[in-house]
1. Please return the ranges of helices (runs of 4 or more DSSP H) entirely within region 87-171 where 3 or more residues are of a type in the set (D, E, K, R).
2. Suppose we filter Arg47, Arg29 for residues that are more than 15 Å from Ala82 (Cβ to Cβ) and either in a helix (DSSP H, G or I) or out of contact with any Leu (no Cβ under 8 Å at 6 or more places or on another chain) (or both); which single one remains?
3. Could you grab the pairs with beta carbons closer than 7 Å, sequence gap of 6+ or different chains, first residue in region 51-80 and on the phi < 0 side of the Ramachandran plot, second one of a type in the set (Phe, Trp, Tyr) and not in a helix (DSSP H, G or I)?
4. Starting from residues that are under 19 Å from Arg4 (Cα atoms) and among the charged types (D, E, K, R), keep the ones in region 25-68 and report whichever is most open to solvent (accessible area, probe 1.4 Å).
5. Within region 136-171, take every residue that is of a type in the set (S, T, N, Q) and modelled with pLDDT of 90 or more and give me the one that is farthest from the chain's Cα centre (by Cα).
6. Could we say that Tyr136 is under 22 Å from Arg85 (Cβ atoms) and open to solvent by 40 Å² or more (accessible area, probe 1.4 Å) here?
7. Please work out which one of (1) open to solvent by less than 70 Å² (accessible area, probe 1.4 Å); (2) at pLDDT 95 or above; (3) assigned to a helix (DSSP H, G or I) is the condition Asp72 fails and give its number.
8. Tally time: how many residues in region 144-165 are surrounded by 13 or more Cβ atoms within 10 Å (Cβ to Cβ), of a type in the set (Phe, Trp, Tyr) and over 12 Å from Lys122 (Cα atoms)?
Amino acid sequence: MKLRDELLKEHTKENCMRIVRWVGGSAERFAQLVDLFINDEYRVVQRAAWPLSYVLHDHPELAGKHLPVLLDNLDNPAVGSAAKRNTIRALQTVPIPEKYHGVVMNHCFNYISSPTEKPAVKAFSLTVLENLSKIYPDIKGELKFIIEDAMDNESPAFVSRAKKILARMSK
């Protein structure tokens, strides 16, 4: 498969899943996908984002050596919403090494606090922060404060996820 050509062929769930099946658990094929996701033109990056998150959901172990590049990409002010959304989506399920916890928390807290961030990025960030709060219980207070403060002005996706997280944090 010529991955770049496949990504540009069509932006459908069917094509996304075809690419996900092709990559499977192959580290070599996943590296090709990451390279396109990080280094190609906007349209290719956008199209690579969706299968990237699905592959990492099915094969979280593939994130390992690519995590620094994926996290650095979040620092790029020109990163598109699809790339940001699917990177944060993947961080919900991939193991995040301890040395990246602070960076990930900073990104996620910034996203949920931003009035202009897209709802899906905020919702996925809430889950990532909830996961990290199990390791760092001290962040629960800040997370709870931000959630409660923002609840009235947020999207239904944020509110739904936030309510569930608050309920689990109260147990």
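1. Working: elements: 101-113, 119-133, 139-150, 156-170.
Hits in region 87-171: 139-150, 156-170.
2. When all the criteria are applied, what remains is Arg29.
3. Short answer, once both residue conditions are applied: none.
4. Here the answer is Glu28.
5. Applying the filter and picking the extreme gives Asn153.
6. The answer is no for Tyr136.
7. Just one mismatch for Asp72, condition (1).
8. Qualifying residue count for the region: 0.
The values are calculated or read from the model by the stated rules, or taken from the named source; none is laboratory data. In this text the structure is predicted, and so the values were computed from the model without any measurement. Using ideal geometry, Cβ is built from the backbone for each residue, glycine included, and neighbour counts are taken over all protein chains shown. Calculation scope for accessible area: heavy atoms of the full protein, side chains included, ligands and nucleic acids excluded. Shrake-Rupley method; radii C 1.70, N 1.55, O 1.52, S 1.80 Å.
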